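Undergrad: Just passing along the structure, written as structure tokens.
The values are calculated or read from the model by the stated rules, or taken from the named source; none is laboratory data. Owing to the predicted nature of the structure, the values given are computational and were not obtained by experimental measurement. For neighbour counting, all protein chains shown are included, and Cβ atoms are generated from backbone atoms with ideal geometry for every residue, glycine included. Ligands, DNA and RNA are excluded from the accessible area calculation, which covers all protein heavy atoms including side chains. Shrake-Rupley method; radii C 1.70, N 1.55, O 1.52, S 1.80 Å.
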Amino acid sequence: MKLDLIRYQLIIKIKMEDQIKEAKAIIEKTSDILVLTGAGISQESGIPTFRGEDGLWRKFRAEELATLEAFQRDPKLVWEWYEWRRGLSKEAKPNPGHYALVNLENGKPNFTLITQNIDGLHQLAGSRNIIEMHGNLWQIRCASCGIVEENHDVPLNELPPKCKNCGVHGRPNVVWFGEMIPMPVIDNILIAIDKCQLMLIVGTSGVVEPAASIGLVAKHTGKTVIEVNIEPTPNSSLYDLSILGKSGEILPALCSTV
Ligand code: BJW
Ligand code: ZN
């Protein structure tokens with residue numbers, strides 16, 4: 001029984017090493033790369049993911065915190081949650097997964113990074129061509145006049161913070177459930193899919209639309225798609241490769257010498 005388990009673990013390890021070799025070879029010969037990241041890439045920086053064992057949605061109800069209705073009902077409660085997350089993100093440092101993507105960008109003429117994360121860790125690591133499709137934790141948008149203010153204070157002076165322009169309260173400049181991804185952002189995502197030959201999907205559960213469909217659109221338009229995640233996702237079997245492992249370990253192995 002124990003021998004069977006050891007043999008199984010060995011097979012998995014060999015399979016993973018083969019996959020890494022194959023993915024590395026593809027990455028090395030490809031100049032046009034698109035990456036999509038989700039909460040999993042920041043998990044090794046100490047920022048909790050949404051779903052899964054220690055996920056945020058296990059402790060908080062999404063509809064009470066990540067919707068416009070929730071904000072209109074109780075802006076202070078929603079802000080307290082975001083303030084707690086601002087505190088976690090301010091303490092966090094990029095991990096080897098974030099840095100591996102900077103390394104990749106430095107070696108490729110056409111590189112775009114789409115992130116669903118709002119923590120700013122890709123920017124902190126040094127990534128440059130970033131599309132933040134769900135917004136940014138460090139920006140406050142006036143709920144009335146729409147002015148966006150950059151603010152890194154933790155804690156904030158007052159909750160909810162007031163707009164300096166019109167005095168109405170601000171909201172986090174993020175995309176909540178039921179809200180549209182801004183059209184210019186969608187346009188840039190479509191351009192990035194079109195321009196790439198290879199797409200890497202890292203640390204996202206692939207259940208939130210429209211982000212979940214980006215990999216599928218890439219696949220259907222003839223691009224190679226490689227996924228890195230600690231566990232399979234609903235779309236894993238549709239991609240060219242699905243590498244199971246931590247992004248902080250797999251990405252440096254894939255991107256070290258590009
Ligand atoms: C590791 C790891 C390690 C761990 N290494 N891996 C079509 C069908 C059904 C529903 C819809 C649909 N179209 C739209 C909807 C509704 C909704 C939706 O998708 N709901 C689903 C849940 C069913 N979508 C929307 O409302 C979107 N808007 C929209 O579509 O507008 C048009 C429209 C409007 C009105 C009506 C109809 C259409 C907007 C979605 C906005 C999502 N917002 C949030 C909050 C953002 C701000 C904030 O952060 O507070 O975005 S929700 C949350 O989920 C957050 C994330 O960006 C997003 C995705 O999560 P992510 O990143 O995938 O995290 P996890 O936790 O789910 O997964 C982590 C993964 O990492 C796991 O797989 C782990 O295994 C892995 N992992 N450690 C590698 N070390
Ligand atoms: Zn205002």
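Undergrad: What number goes with the only condition from (1) under 21 Å from ASP18 (Cβ atoms); (2) open to solvent by 20 Å² or more (accessible area, probe 1.4 Å); (3) assigned to a helix (DSSP H, G or I) that ILE250 does not pass?
TA: The one condition ILE250 does not meet is (2).
Undergrad: Quick one: in segment 122-143, of everything that is assigned to a loop (DSSP other than H, G, I, E, B) and within 15 Å of ligand 1 (Cβ to nearest atom), which residue is least open to solvent (accessible area, probe 1.4 Å)?
TA: MET133
Undergrad: Moving on. Quick one: in segment 1-54, which of the residues that are in a strand (DSSP E or B) and away from ligand 1 (no atom under 14 Å from the Cβ) is nearest to ILE214 (Cα to Cα)?
TA: To start, the set of residues in segment 1-54 that are in a strand (DSSP E or B) comprises 32-37.
Restricting the remaining residues to those that are away from ligand 1 (no atom under 14 Å from the Cβ) gives 32-34.
Working: ASP32: 16, ILE33: 14, LEU34: 10 Å.
My answer is LEU34.
Undergrad: Kindly check whether there is at least one residue in segment 219-232 that is more than 16 Å from ligand 2 (Cβ to nearest atom), of a type in the set (Lys, Arg), at pLDDT 95 or above and under 21 Å from ALA100 (Cβ atoms).
TA: From segment 219-232, those more than 16 Å from ligand 2 (Cβ to nearest atom) are 219-232; that's our starting set.
Subsequent filtering for residues that are of a type in the set (Lys, Arg) retains 219, 223.
Checking which are at pLDDT 95 or above leaves us with 219, 223.
Among the residues that remain, those that are also under 21 Å from ALA100 (Cβ atoms) are: 223.
Within segment 219-232, one or more residues are more than 16 Å from ligand 2 (Cβ to nearest atom), of a type in the set (Lys, Arg), at pLDDT 95 or above and under 21 Å from ALA100 (Cβ atoms).
Undergrad: For segment 191-244, enumerate the residues that are out of contact with any helix residue (DSSP H, G or I) (no Cβ under 8 Å at 6 or more places or on another chain), open to solvent by 80 Å² or more (accessible area, probe 1.4 Å) and either in a helix (DSSP H, G or I) or under 16 Å from THR30 (Cβ atoms) (or both).
TA: ILE191, ASP194, LYS195, GLN197, HIS220, SER237
Undergrad: Among the residues of segment 144-185, what is the count of those that are open to solvent by 60 Å² or more (accessible area, probe 1.4 Å), within 16 Å of ligand 1 (Cβ to nearest atom) and touching a residue at least 40 places away in the same chain (Cβ under 8 Å)?
TA: Residues in segment 144-185 being open to solvent by 60 Å² or more (accessible area, probe 1.4 Å), within 16 Å of ligand 1 (Cβ to nearest atom) and touching a residue at least 40 places away in the same chain (Cβ under 8 Å): 2 in total.
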